Amino acid sequence: MKLRFESTLHRGQQPTLINSSQRVQILPFQSMSYKVYLLSTFDGAVNAELSFMYRQLTSRTVMEVRQKTTTLQPRLLLTGKLHREWSVQLWNEGLFWRSRYSQTNFYLVDASVRYRPVEKPWEVELVGQNLLNTRYYFTTSLNAVYLDESSYRLQPRYVALRMNWRF
C-alpha cells in the first residue's frame, strides 16, 4: 500500500458585482485543500484507490461578513482483472457540503466491463455512467448583499456498448 498526502493554500482576490449594478469591488478569498490517497501497489486481481479531499473556502462580502464553506469529497476506484482478457472498473465519487445553503450530499457511480483479446487489435466495453441517476446538484449563497443560486445539471444515467479497433 502507498499513502500520499497533498496540501494546497491559495489566497487571492476576485472581482464581485455589487447588487446587480455595474459597480465591481475586489474582495479577498482564501482556499485550503488537503488530499489523502491510499493506493494498492500490488498487481493482483483487484487494485484499489481511495482518496479524500477536504477543502475549506473563506471569503468576505462587501459588508465584511466572512463566509465559510467546507467540502469533503471521498472517491473510490476499484479495478480488477477477471482473466487476462477481461477487466472490470467501479468508480464512486461523493460530495458532502457543510453549508446551510447547499445541497448536503451528491453521489456519482460509474462502472465498466472490458473485453480485450490478447494480441488482437480490437476491444469491446460495456459502460454505465451515473448509475444512481443524479440529475443535478445546487448551491445557494445568501449574504447581506446578494442571493446567488447555482444549479449544475449532470448527464443522465446511460449504458453504452463501445467497440474500439486499433490500427
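The values are calculated or read from the model by the stated rules, or taken from the named source; none is laboratory data. Being a predicted model, the structure only gives us computed values, none of them experimental. When we count neighbours, we look across all protein chains shown, and the Cβ atoms used for this are built from the backbone with ideal geometry, even at glycine.
When each of SER87, SER112, SER102 is tested for being modelled with pLDDT under 70 and either buried (at least 16 other Cβ atoms within 10 Å of the Cβ) or of a type in the set (Val, Ile, Thr) (or both), the lone residue that passes is SER102.
Taken together, GLU119, GLU125 contain a single residue that is modelled with pLDDT of 85 or more, among the charged types (D, E, K, R) and exposed (fewer than 10 other Cβ atoms within 10 Å of the Cβ), which is GLU119.
Among the residues of segment 135-146, is any in a strand (DSSP E or B), at pLDDT below 75, within 16 Å of the chain's Cα centre (by Cα) and surrounded by 14 or more Cβ atoms within 10 Å (Cβ to Cβ)?
Going through segment 135-146, the residues in a strand (DSSP E or B) turn out to be 136-142.
Of the ones still in play, those that are also at pLDDT below 75 are 136-142.
Adding the requirement that they be within 16 Å of the chain's Cα centre (by Cα) leaves 136-139.
Of the ones still in play, those that are also surrounded by 14 or more Cβ atoms within 10 Å (Cβ to Cβ) are 137, 139.
There is at least one residue in segment 135-146 that is in a strand (DSSP E or B), at pLDDT below 75, within 16 Å of the chain's Cα centre (by Cα) and surrounded by 14 or more Cβ atoms within 10 Å (Cβ to Cβ).
Residues that are under 20 Å from the mean Cα position of the chain (by Cα), over 26 Å from VAL159 (Cβ atoms) and at pLDDT below 80 do not occur anywhere in segment 42-50.
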